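Since the structure comes first, as structure tokens, the remarks are kept for the end.
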Amino acid sequence: MKRALAALVVAFWAAACSDRPDRFARPTGVAFAANGDVLVSDGYDNARIVRLTPRGEVVSEWGSRGIAPGQFQTPHGIATGPDGRIFVADRENARIQVFDANHTFLAEWKGELIGRPWAVAVDDRGNVFAVDGGDQTAARPRGGIVKLSPEGKVLARFAAFGRAAGQLDWGHGIAVAKDGAVYVGDLEGRRIQKWVPR
């Protein structure tokens, strides 16, 4: 019964398109703060991040549409690190924005190796993984996964555009398991793929 109730509450939160803090307009990602608060990237229409208690009460919201630090153009994914930092895949601005636990802007990570991040995940060591969805017009076709250090240095880039094993055709979501395995939801490939560390 509790699971059904939780599903109904989440569906209600997302049911109405609105700029009200407690109503979402096409949310794109969910992460959890260290204290259990829920962070939602409300990406397509509102271009903001909303922080909620586990009971659904709005704690705060930040961001607006734009290109300046702390602004977003389709915040498409969100993750938190072991140090409390918040990472947002700012897809249309082709960057990852980094915030502290109080939502203060710290840095933006961008560049050809990062591409246009559709989703982010963080491992137990604080390394950040981003999936480059491959929708860039300048370098089409493109897709892949980038691994960054906690400071934003590119450590590796793997996978490529395509539908063969180990390739991505619009990688859309990413998660990192405790053992370091990386899982990616491949939207157009209609599959989940797994990469294991060597």
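Output the relative contact order of region 26-195, whole-number percent, from Cα pairs under 8 angstrom with separation of 6+ residues.
Working: 484 pairs, mean separation 20.5, N = 170.
Answer for region 26-195 is 12 percent.
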**Request:** Treat region 79-130 as a sphere of radius equal to its Kirkwood radius over Cα pairs and apply Stokes-Einstein at 4 °C in a medium of 1.567 mPa s; give the translational diffusion coefficient in µm²/s, rounded to a whole number.
**Result:** 119 µm²/s
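If we count every other residue with Cβ under 12 angstrom of ASP123's Cβ, Lys/Arg +1 and Asp/Glu -1, where does the sum land? All intermediate terms of the calculation are to be shown ahead of the outcome.
On the way: positive: ARG125, LYS147, LYS178; negative: ASP124, ASP179.
Overall, the nearby charge balance is +1.
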**Prompt:** What does the charge add up to near VAL196, with Lys and Arg as +1, Asp and Glu as -1, over the other residues with Cβ less than 14 Å from its Cβ?
**Reply:** +2
**Message:** Please give me the summed charge of the neighbours of ASP186: other residues whose Cβ is under 13 Å from its Cβ, Lys and Arg +1, Asp and Glu -1.
**Reply:** +1
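Give the peptides 27-35, 52-60 in descending order of average Cβ contacts within 10 Å, highest first. Each step should come with its number before you reach the end.
Working: 27-35: 16.1, 52-60: 12.8.
Most protected by this proxy first, the peptides run 27-35, 52-60.
Counting DSSP beta bridges in region 98-198, what percent are antiparallel, to the nearest 5? Show your work: numbers first, answer last.
On the way: 26 of 28 bridges.
Antiparallel: roughly 95 percent of the beta bridges in region 98-198.
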**Request:** Starting from the Cα of ALA160, step 7 Å along the direction of its Cβ; do the same at LEU187; then give the gap between the two resulting points in nm.
**Result:** 2.3 nm
**Request:** Place the peptides 74-81, 149-156, 173-180 in order of packing, highest mean first, counting for every residue the other Cβ atoms within 10 Å and averaging per peptide.
**Result:** 74-81, 173-180, 149-156
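Take the alpha carbon atoms of region 26-195, find their radius of gyration, then divide it by 2.2 N^0.38 Å using N residues; give the quotient. Mind showing how you got there, number by number?
Details: Rg = 14.8 Å, N = 170, 2.2 N^0.38 = 15.5 Å.
After normalising by residue count via 2.2 N^0.38 Å, the value is 0.96.
Assuming 0.36 nm per residue, please report the length gained on full extension of the stretch ALA68 to ARG26 beyond their Cα-Cα distance.
Details: separation 42, 0.36 × 42 = 15.12 nm, distance 2.21 nm.
Here the answer is 12.9 nm.
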**Prompt:** For region 70-177, which chymotrypsin sites (Phe, Trp or Tyr not before Pro) are both in a DSSP coil and crowded by at most 13 other Cβ atoms within 10 Å?
**Reply:** none
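Please work out how much length the chain gains when fully extended from ASP124 to THR53, using 0.36 nm per residue of separation minus the C-alpha to C-alpha distance, in nm with one decimal. Could you put the intermediate results ahead of the total?
Numbers: separation 71, 0.36 × 71 = 25.56 nm, distance 2.34 nm.
In short, 23.2 nm is gained.
Quick note: the coordinates plus some simple rules give every number you see, no bench work behind them. Note that the structure is a prediction, hence the values are computed from the model and not measured. Ideal geometry is used to build each Cβ from the backbone, glycine not excepted, and the neighbour counts take in all protein chains shown.
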